[in-house]
Each structure stands twice: as C-alpha cells, then as structure tokens.
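Notes for the one structure printed next.
The values are calculated or read from the model by the stated rules, or taken from the named source; none is laboratory data. What you see is a predicted model; the values in this text were computed from it and never measured. Virtual Cβ from ideal backbone geometry, glycine too; neighbours counted across all protein chains shown. All accessible areas refer to the heavy atoms of the entire protein, side chains included, with ligands and DNA or RNA removed. Shrake-Rupley method; radii C 1.70, N 1.55, O 1.52, S 1.80 Å.
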Amino acid sequence: MSITQSLSTPLSSSSSTFLAPSTFNPRSQVTLPVKSLGVCKCIAAPQEADTAYKTKVSRNGNIAKLQAGYLFPEIARRRNAHLLKYPDAKVISLGIGDTTEPIPDAITSAMSKRSHALSTVEGYSGYGAEQGERPLRSAIASTFYRDLGIEDDDIFVSDGAKCDISRLQIVFGSKIKMAVQDPSYPAYVDSSVIMGQTGYYQKDVEKFANIEYMRCNPENGFFPDLSSISRPDIIFFCSPNNPTGAAATREQLTQLVKFAKDNGSIIIFDSAYAMYISGDNPRSIFEIPGAKEVALEVSSFSKYAGFTGVRLGWTVIPKQLLFSDGFPVAKDFNRIVCTCFNGASNISQAGGLACLSPDGLKAMQDVIGFYKENTNIIVETFDSLGFKVYGGKDAPYVWVHFPGRNSWDVFAEILEKTHVVTTPGSGFGPGGEGFVRVSAFGHRENVLEACRRFKELYK
C-alpha cells in the first residue's frame, strides 16, 4: 500500500488503523511518486456563532444572573433524558406539583355551558373587566374572606398566583429588598432577580446578594427567627409552605404581622394550599388583626379544582394597604393589571364560579381528600423506612430528610433505581439541601407502586 493510499484509508472510531503495528522501517529509503501527491490545505472553518447576525441590543443583565433553568423544567428535562436511557421504564412523576385527577363534572359542565353560549348572539362576550367578573369576585370574597373585612373590589381575578407574583414584582420595582422563606417556591427569588432587586449569585453560600433568606427548618418549627432578619421591604410568605408542607400557626402569623408593621414592610402571603389545612391554623393572613395594613394575598384554584391547565387565581389587596407616601397599593396593581393583562378567560371564570357553588365546594373537598390520602400513604412509607418526614398533614407535599446527602444526588438515585421523579430540596433554596420533596399529586395506583419501589430501594 502506498503512503497516499494509507492517508486515504478511513480510521475507525477506536483509531485501531492508526495504532496498529507497522512494518515500516525508518532507515529504509522510500521513493515517493510526486505526481500522485496533492497539496492538502487546512482551513479553519469559522464558528457559526461568529458568522451569525447580531443585533446591537444588550441582553438583560438581570436574567443573566440566574444560575440555571427554572427548577421544574429542569426536572422535566432530566425525566426526558431518563426515558431516552430507559425507553421501556414506567416512570412515575411525583416531582412537579401537577394535579392528576379529573376536574369534577359540576365544574366542567358550567365551563361547557359558558363555552357553548359563546356561539350564540345572546351568550357571546368579548373583552371582560381586567379585574374579573363581578359575580366571581363576590363569590371569592364571601367564600374565603367572610367576616374578614375583604370586599369584592379588593379582589383581582387572574390567570394564576404565579402570574400575579410577577405582576406584583413590577408594582414594587427594582429598588427594594426582599425576604423569602428558605426553602420556598422558586418563583419568588427568580422573579426578584429578573426585576433587578438582587446582587449576583454567591456560590459559596448559594444565595443571591440583597435577599434575606429566612431559614425554616425542623429545629425552628419551619418558622424563621424574625429577630435575626434585617429589615426587608417585601416579605414573601407561603402557608402551607411549598415545599415543606408546614402551616404557620396563629401565633406565628401574629408575630409576622407585628414584624412587618414594626419595620414598615409588606407581606405577600401565598395561600395557594389553604384548603388543605385540616386543623385550626389560619387559612388567610387576614385572619390576623392588623394584617390588612401590611399584607396582600395571592391564591389559586389550581390545586383545589385541578385548574393547573385551566388557569385561574386571584389576588387580594385591601384598601388599607398603603405605600410610604399614602398612595394605595391596589391602585398601582390595578394599573399594572390593566396594562399587562386582558382578564382571565371567561370560560375559566365560569368554572371558578361553579367551584364556589355548594356542589363545587363539595367536589373540591373530595379531590383534596383524595390527595391527602395519597400523602398519608407516602408519609407512612418513609416513616416505616426510618426516615424523618415532615409535611403531608396540611399540604399535598411530603418533605423527606436525607441527612448528609446532596439533594440532587438523592433525586438522581431515586430516578435511576426506581424510575420515580421527585424534587431535590436544594432547588427551593439552600435551606432545602439534604431534603427531597415528594408530591401527592398522582393516581392512586401510581402512588402505591412508587411507594413499593421506595421500600425496595431503602429497605
């Protein structure tokens, strides 16, 4: 074989042709057929990124501060990668808190009726009030805030609590300091970063600068030591908490309201899981005297009626809640709503009104009861395996402690060995390290099967 022929021979992926033993003698004389040799030019092809057209618009530096993708899409990405690796596996998702049980017929029938009415001259309606339809606002006030001094026009109907959190961030702007439970729902921190309220991410402590992380753990009953907190402008507080499942007591919320009043702060109280509370703990911040002067509340139908896809929630901003110059917070929020939002779907609002009818309330309680039975099964499983388990009583989440373990490592171990998706606790903040959240949103047979697999793994 000539040298030119050897050069044209393709190498295998293991480079075995190149590395094979050779009979070539370096001292022998080799005659090269010059006419058969060509000139080989090596030209560096430009990178595609270097040749792509670029605008002159700078990227939002605040978004660039975010360390990774939003938690739940990242979990979905890892789930999909696992399915590619194990295409025949039956993967059970107890990670992302998405509801699984059908919306009760008493609710969907009202939505269907409203939908069909839109095809008639008499029943058609276009744009509605950005704040929501009056009958629904009235029903929310009378159902969830009876005798608490909340009026219809204090309520803004929306497409969900998560969307309202970002709208509220626009209201408060970039020049504020935010405090958040640690661990907590990641939308609070991420939206704060995007708004420019924070400094850069500090890898050594796994926190963003200029955010007050209020540590909530088993040692303090999942309620922060407020005496150690420097003054914040805005306090995000979720009860029952996502991810820990802890519901704050009346005494604890009284402390929180006093702290806010003493510091001139505003509480954004997230009550998206309030209907899961089975004991005497408050379901609304407005059950606490003085709260209307320092708090607003966001909530949702998502986890009560299975509206995670339908999208319907609300925000309550009392008239007594004022900025430092005396201007009502509700008026600024109304301005943002009218600018950024055209109102919740009229079909969704028909469903929300049906949710608050006697039949709808009973149907929602039945669905909530089903998920709470799932939490009992999960809690009993991890209890039997010797784990410390929290939550589950007043929320659809079970918070399992894996002392000394990295949360993402535990997530990966469970996924790899049981094909069950959970959520790593550190995704909710540094205070979640060493924990995993297991969601009770699942069909009963899937929850039972997942628990059987957990027992096989950790027996």
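Per residue of the chain, what 222 nm ellipticity follows from adding -39500 (n - 2.57) for every DSSP H run with n ≥ 4, rounded to the nearest 500?
Values: 16 runs with 174 residues, N = 459.
Computed ellipticity for the chain at 222 nm equals -11500 deg cm²/dmol.
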Original post:
Of all the C-alpha pairs in the stretch 106-358, what % are more than 24 Å from each other?
Top reply: 47 percent
Subject >> Tilt relative to the chain, helix 161-172 - C-alpha long axis, 0 to 90 degrees, to 10 >> reply: 80 degrees
**OP:** Output ³J(HN,Hα) for the stretch 233-250: one whole-Hz value per residue in order, computed from phi by the Karplus curve 6.51 cos²θ - 1.76 cosθ + 1.60 with θ = phi - 60°, and x for Gly and Pro.
**Re:** 7, 10, 10, 8, 9, 10, 8, x, 6, 9, x, 6, x, 7, 9, 5, 7, 4
Original post:
Long-range amide H contacts for F223: which residues qualify at under 5 Å (H placed 1.01 Å from N, peptide plane, sequence gap of 5 or more or a different chain)?
Top reply: N217
Original post:
Along the positive direction of the dipole of the stretch 115-208 (beta-carbon charges: Lys, Arg +1; Asp, Glu -1; about the Cα centre), which of V189, S142, S125 reaches farthest?
Top reply: V189
**OP:** With a probe of 1.4 Å, find how much accessible area the stretch 295-404 has per residue, and write the answer as a whole number in Å².
**Re:** 38 Å²
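Identify the chymotrypsin sites (Phe, Trp or Tyr not before Pro) of the stretch 311-348 meeting these criteria: DSSP loop state and at most 13 other C-beta atoms within 10 Å of the C-beta.
Details: sites: W314, F323, F333, F341; in loops: F323, F341.
Here the chymotrypsin sites (Phe, Trp or Tyr not before Pro) that fit, given the DSSP loop and packing criteria, are F323.
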Original post:
If amide H atoms are built 1.01 Å from N in the plane of the peptide, which residues on other chains or at least 5 residues away come under 5 Å of the amide H of T99?
Top reply: T308
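Roughly to the nearest percent, how much of the accessible area of the chain is carbon and sulfur, given a 1.4 Å probe?
53 percent
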**OP:** Collect residues whose amide H, placed 1.01 Å from N in the peptide plane, falls under 5 Å from the amide H of K207; neighbours closer than 5 in sequence don't count.
**Re:** Q202
Original post:
What ³J(HN,Hα) values, in whole Hz, does the Karplus curve 6.51 cos²θ - 1.76 cosθ + 1.60 give for the stretch 320-334 when θ = phi - 60°, with x put for Gly and Pro?
Top reply: 6, 7, 10, 6, 4, 8, x, 7, x, 4, 4, 5, 5, 5, 4
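Divide the volume of the convex hull of the Cα atoms of the chain by its number of residues and quote the answer in cubic angstrom per residue. Don't skip to the end; give the middle numbers.
On the way: hull volume 116.1 nm³, N = 459.
Dividing the Cα hull volume of the chain by its residues yields 253 Å³.
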Original post:
How far is helix 407-418 tilted, in degrees, relative to the longest principal axis of the Cα atoms in the chain, given as a value from 0 to 90 rounded to the nearest 10?
Top reply: 80 degrees
